[in-house]
Structure formats: structure tokens, C-alpha cells
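Colleague: What follows is a structure written as C-alpha cells; I'll ask about it next.
The values are calculated or read from the model by the stated rules, or taken from the named source; none is laboratory data. Treat the numbers as computed from the prediction; the structure is a model and nothing was measured. Here the Cβ positions follow ideal geometry from the backbone for every residue, glycine too, while neighbour counts run over all protein chains shown.
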Amino acid sequence: MSAQILDGKALAAKMKENIRLEAAALRRQPGLAVILVGDNGASQVYVRNKVKDCSDCGIACFDYYLSADTTQEQLLTLIDELNGREDVDGILVQLPLPAHLEERPVLEAISPMKDMDAFHPENMGRILRGDARFKPCTPAGVMELLHEAGIDPAGKHCVVVGRSNIVGKPMALLLLQENGTVTVCHSRTPDLKEQCLRADILVSAVGRENLITADMVKDGAVVIDVAMNRNAAGKLCGDVDYAAVAEKASYITPVPGGVGPMTRAMLMANTLTAAKLRENR
Ligand code: GUN
């Protein structure tokens, strides 16, 4: 079998165009504040992309570039100000923060109504309970890719590799919400290959090149690669040995062009949702 490609780039472009139309129909232009602290090169690229996505979707972007020696108090003061601003519907603090800053109080300081990553405990609790206000962008983007291809997790064995708060845990919950039977694997799972071989839907979010090889994939499985690694040649790659796994899978996401663009589109979708919630308040 040769897998069909789940084209995140194309679906993201379609979603962004719909978001642009919906945003233009609101009484007030939606606004997203993006905060980058320090000079992490990858984060700078991510933030630049977010600024462009806002422009594409007709969303006002308020981007803040804070120096690497910004104090916790300065960052919390800025978040507090943005929480109170009428023209800001959503707030995103780009992670990772510099080592001297504490992530947890920063994420908890963002108003749950403006929490575009859904990292606030209130929003994480809602996801756990099955009534999400905002969904975390990467897992939500994966679900959109599955829906678009007509892949229903109900009754399927879904294996998620990775248990981060950003991807693995919420990914498992969204699949469970749609009636998948979910297994979460992680660095202490002794039989990763055996677990993966049981997957009808396999999602890998670890960050290690060639972690998922063809002998770990069941014939006809759907394979979703969330990771974004650089190989020895400096080329972008995921966790999955793409060429070999594509021969066994029924569907597969490429890296780049799979989950990445969907994550970006879901940030725009969350910002639109936040603006609508405030308009209807
Ligand atoms: N850094 C890497 N991924 C993410 C994400 O989804 N949200 C934020 N805020 N920072 C990130």
C-alpha cells in the first residue's frame, strides 16, 4: 500500500480563508497578542509566521518582543494589561521561556477567556471534562486533518507517543472524546514497538528522528507525525521514517506540510472563537 498524504498545508489555507471571511463579518476586528521573550531562533520563526497568519486572516496582531533579561514581574504586568484590553481577544506567550522565568505562573496569569493555547488549568480542565472552550492548537489541528479525510476515531485503537501537556496529553483526550480507544506511550514504555503495532491511528509527538520505523506500523494504519526535527543534513524531519512507513500506512502526514500548518490555522480559529465569545457576551 502507498499512503494517501494528509495535506495540512492545503487544509490550513482553506481554513484560513474561511476564518478571514468570518472575521470580516464581526462588528469588531479580532486581535491577537503574541509575546516572545528572548532570542530563541526557532521561536522567532514561529512568531513571524503567526504575525503573517494574522495578516492573512484580517486579525490585528499585537506582537511584543521582550529582551532575554525580562523579569517575571515585567512579563506578568504586560499580561495583566493585555487581559484588560478590549481590542485583544487572544494572548499567546511563545514557549519555551528563558530559564530564569517560571512558565506555570505565566500561563496561569493569562485570562482563561484569552488563552489561545488552552494551557490555563481552567481550559485544560474543560478539555478533560469534554467541554473545551479552546482546544490546544496542535492536537486540534490533528483532529481537523482526520475529520477532513473522513477518518473517525470511534472504535479505533489510537496510540499517542509522547505525554507533554502541549501535545500528547490533550491529543489523547481529544481522541477519547471522539470515542477512540487510547493508549499513551512515553519514555518509560518498555514495549513501544508492540504498542505502536496495535494502532489504527498512530500519533507521534516526541522529537526524535526515525523513532517510528516501518516495522512498528500496522498495515493500513493512519500515521500522524507531530514532530519537527532537524536531521544531520539540516533538513526538517519528523519522528516517522516517512518513505518506508508511507508504504504501509493508509494515510500519513508529511513533515513539513502536515501538522505544522494546521497548528498555525487553529491559533487563528481560536482567536476568532474568542472574538465571537466576547461579541456575544
Ligand atoms: N512553542 C512550541 N509550541 C508551542 C505552542 O503550541 N504554543 C506556544 N505558546 N509556544 C509553543
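Colleague: Can you tell me which of Ala214, Ala199 is out of contact with any Pro (no Cβ under 9 Å at 6 or more places or on another chain), over 17 Å from Ile5 (Cα atoms) and of a type outside the set (S, T, N, Q)? Write out each step before concluding.
Modeller: Numbers: Ala214 fails: over 17 Å from Ile5 (Cα atoms).
Result: Ala199 is the single residue among Ala214, Ala199 that is out of contact with any Pro (no Cβ under 9 Å at 6 or more places or on another chain), over 17 Å from Ile5 (Cα atoms) and of a type outside the set (S, T, N, Q).
Colleague: So which residues in the range 124-136 are over 14 Å from Gly168 (Cβ atoms) and within 13 Å of the ligand (Cβ to nearest atom)?
Modeller: Listed by number, the residues that qualify are Phe134, Lys135.
Colleague: Now for a separate question. Can you name every residue in the range 230-258 that is among the acidic types (Asp, Glu) and either modelled with pLDDT under 95 or within 17 Å of Arg208 (Cα to Cα) (or both)? Break it down into steps so the answer makes sense when it comes.
Modeller: Restricting attention to the range 230-258, the residues satisfying the condition of being among the acidic types (Asp, Glu) are 239, 241, 247.
Matches in the range 230-258: Asp239, Asp241.
Colleague: So which strands (runs of 3 or more DSSP E) stay within the range 132-239 end to end and still have 3 or more residues that are within 21 Å of the chain's Cα centre (by Cα) and buried (at least 24 other Cβ atoms within 10 Å of the Cβ)? Spell out how you get there, then give the answer.
Modeller: Values: elements: 157-161, 181-185, 201-204, 222-225.
Output list reads 157-161, 201-204, 222-225.
Colleague: State all residues of the range 71-87 that are β-branched (Val, Ile, Thr) and assigned to a helix (DSSP H, G or I); if no residue qualifies, say none.
Modeller: Within the range 71-87, Thr77, Ile79 meet the criteria.
Colleague: Within the range 88-112, which residues are part of a loop (DSSP other than H, G, I, E, B) and under 16 Å from Asn40 (Cα atoms)?
Modeller: Quick first cut of the range 88-112, residues part of a loop (DSSP other than H, G, I, E, B) only: 88-89, 94-102, 110-111.
The answer is Gln94, Leu95, Pro96, Leu97, Pro98, Ala99, His100, Leu101.
Colleague: Would you please name the residue that is farthest from Pro96 (Cα to Cα), looking only at residues in the range 14-37 that are out of contact with any Phe, Trp or Tyr (no Cβ under 7 Å at 6 or more places or on another chain) and of a type in the set (Gly, Ala, Ser)?
Modeller: So the residue we want is Ala25.
Colleague: Within the range 82-98, which residues are away from the ligand (no atom under 15 Å from the Cβ) and not β-branched (Val, Ile, Thr)?
Modeller: Taking the range 82-98 and keeping what is away from the ligand (no atom under 15 Å from the Cβ), we get 83-89.
Listed by number, the residues that qualify are Asn83, Gly84, Arg85, Glu86, Asp87, Asp89.
Colleague: Another question, if that's okay. Based on this model, can you work out whether Ala68 counts as assigned to a loop (DSSP other than H, G, I, E, B), surrounded by fewer than 20 Cβ atoms within 10 Å (Cβ to Cβ) and either within 16 Å of the ligand (Cβ to nearest atom) or not aliphatic (A, V, I, L, M) (or both)? So that I can check it myself, show each step before the final result.
Modeller: Working: assigned to a loop (DSSP other than H, G, I, E, B): yes; surrounded by fewer than 20 Cβ atoms within 10 Å (Cβ to Cβ): yes; either within 16 Å of the ligand (Cβ to nearest atom) or not aliphatic (A, V, I, L, M) (or both): no.
No.
Colleague: Taking the conditions exactly as written (in contact (Cβ under 8 Å) with a residue 60 or more places away in the chain and closer than 30 Å to Lys9 by Cβ), does Val47 satisfy them or not? So that I can check it myself, show each step before the final result.
Modeller: Values: in contact (Cβ under 8 Å) with a residue 60 or more places away in the chain: no; closer than 30 Å to Lys9 by Cβ: yes.
It is false that Val47 is in contact (Cβ under 8 Å) with a residue 60 or more places away in the chain and closer than 30 Å to Lys9 by Cβ.
Colleague: If you don't mind, there's one more thing I want to ask. Lys114 passes all but one of (1) within 16 Å of the ligand (Cβ to nearest atom); (2) within 15 Å of the chain's Cα centre (by Cα); which number fails?
Modeller: Checking Lys114 against (1) within 16 Å of the ligand (Cβ to nearest atom); (2) within 15 Å of the chain's Cα centre (by Cα), the one that fails is (2).
Colleague: Related question: Identify the single condition in (1) farther than 20 Å from Pro261 by Cα; (2) of a type in the set (Phe, Trp, Tyr); (3) under 16 Å from the mean Cα position of the chain (by Cα) that Phe62 does not satisfy, given that it satisfies every other one.
Modeller: Checking Phe62 against (1) farther than 20 Å from Pro261 by Cα; (2) of a type in the set (Phe, Trp, Tyr); (3) under 16 Å from the mean Cα position of the chain (by Cα), the one that fails is (3).
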